[in-house]
Amino acid sequence: MEKAKRYLVFLIGLFINSLGVSLITKAELGTSPISSIPYVLSLNFPLTLGQFTILFSLLLIVLQLVILGRNFAPEHALQIPVSVAFGWFIDLYMSLLWFIQPEVYLMEVVYLLIGCAILAVGVYMEMLADVVMLPGESFVRAVVFRWHTEFGLTKVCFDVSMAVIAAVLSLVLSHALLGVREGTVAAAIREFTVVGRCFHRPIIFII
């Protein structure tokens, strides 16, 4: 029963997390680092942000398998349904929030801040549940586990890498910098702050 409650908390956190990502994206000031590559791709190809998020998450899971080798336990496969649900939730919210189309910078900032606050709540609930991690954080944990690096620095390097790759893809595909802006930095700082606080307590390396 206790574990069922924790999974319920995680599911609610995932739902809230996807709302935060969608609001940040709707603010048109960039999106969160982990969503930046899927977002840029969705601006240039027929698939949606949620669909590219699922595909990108599956890629991160495969990379974890390569990094962890025999340490990649069967439980790690839980990332697959979690990724599918996360991508579906994002598309659902992007559809429900169709009316959010800020035309002035002030409103863009307002939606960005609201999105960052909601994202922080969602991430905190996921960490509090302590059962499953999204592929982004799980990939960082895999790197830390394999090469004994410091989590905070590895997380920062990962986020920066995602933003840089997204920026390069945007310049190559769109010949403009789309999808990576001040909102990407704001979301990264807020998410890192929440994750950093959560990691002062032991977290089971499930994913």
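The values are calculated or read from the model by the stated rules, or taken from the named source; none is laboratory data. Quick caveat: nothing in here was measured; it's all calculated off a predicted structure. Positions of Cβ are generated from backbone atoms using ideal geometry, with glycine treated the same way; all protein chains shown enter the neighbour counts.
Taking the stretch 1-60 as the region of interest, how many residues are in a loop (DSSP other than H, G, I, E, B), farther than 16 Å from R181 by Cβ and touching a helix residue (DSSP H, G or I) at 6+ places or on another chain (Cβ under 9 Å)? Spell out how you get there, then give the answer.
Filtering the stretch 1-60 for residues in a loop (DSSP other than H, G, I, E, B) gives 1, 27-32, 45-48.
The next check asks that each one be farther than 16 Å from R181 by Cβ; those that pass are 1, 45-48.
Within this subset, residues satisfying the condition of being touching a helix residue (DSSP H, G or I) at 6+ places or on another chain (Cβ under 9 Å) are 45, 47-48.
Selection size over the stretch 1-60: 3.
Among the candidates N17, N71, which residue alone is out of contact with any strand residue (DSSP E or B) (no Cβ under 9 Å at 6 or more places or on another chain), exposed (fewer than 15 other Cβ atoms within 10 Å of the Cβ) and of a type in the set (S, T, N, Q)?
Working: N17 fails: exposed (fewer than 15 other Cβ atoms within 10 Å of the Cβ).
None of the other options fit; the residue is N71.
Quick check on my filter: what residues within the stretch 86-118 are outside any loop (DSSP other than H, G, I, E, B) and within 20 Å of Q51 (Cβ to Cβ)? Step through it out loud before you land on a result.
At the first step, the residues of the stretch 86-118 found to be outside any loop (DSSP other than H, G, I, E, B) are 86-96, 105-118.
Hits for the stretch 86-118 are F86, G87, W88, F89, I90, D91, L92, Y93, M94, S95, L96.
Going through S35, S22 one at a time, which residue ends up being buried (at least 22 other Cβ atoms within 10 Å of the Cβ) and without any contact (Cβ under 8 Å) to a residue 60 or more places away in the chain?
Details: S22 fails: without any contact (Cβ under 8 Å) to a residue 60 or more places away in the chain.
Of the residues listed, the single one that is buried (at least 22 other Cβ atoms within 10 Å of the Cβ) and without any contact (Cβ under 8 Å) to a residue 60 or more places away in the chain is S35.
Rundown of residues vs (1) at pLDDT below 90; (2) surrounded by 18 or more Cβ atoms within 10 Å (Cβ to Cβ), yes/no style:
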{"site": "V104", "(1), (2)": "no, no"}
{"site": "G115", "(1), (2)": "no, yes"}
{"site": "V123", "(1), (2)": "yes, yes"}
{"site": "V140", "(1), (2)": "no, yes"}
{"site": "H148", "(1), (2)": "no, no"}
{"site": "G152", "(1), (2)": "yes, no"}
{"site": "V156", "(1), (2)": "yes, no"}
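Checking A166 against (1) outside any helix (DSSP H, G or I); (2) at pLDDT 90 or above; (3) surrounded by 21 or more Cβ atoms within 10 Å (Cβ to Cβ): exactly one of these is not met. Which one?
All conditions are met except number (1).
Working only within the stretch 136-171, note down all residues that are without any contact (Cβ under 8 Å) to a residue 12 or more places away in the chain and over 19 Å from V62 (Cα atoms).
Selection gives H148, T149, E150, L153, C157, V164, V168, L171.
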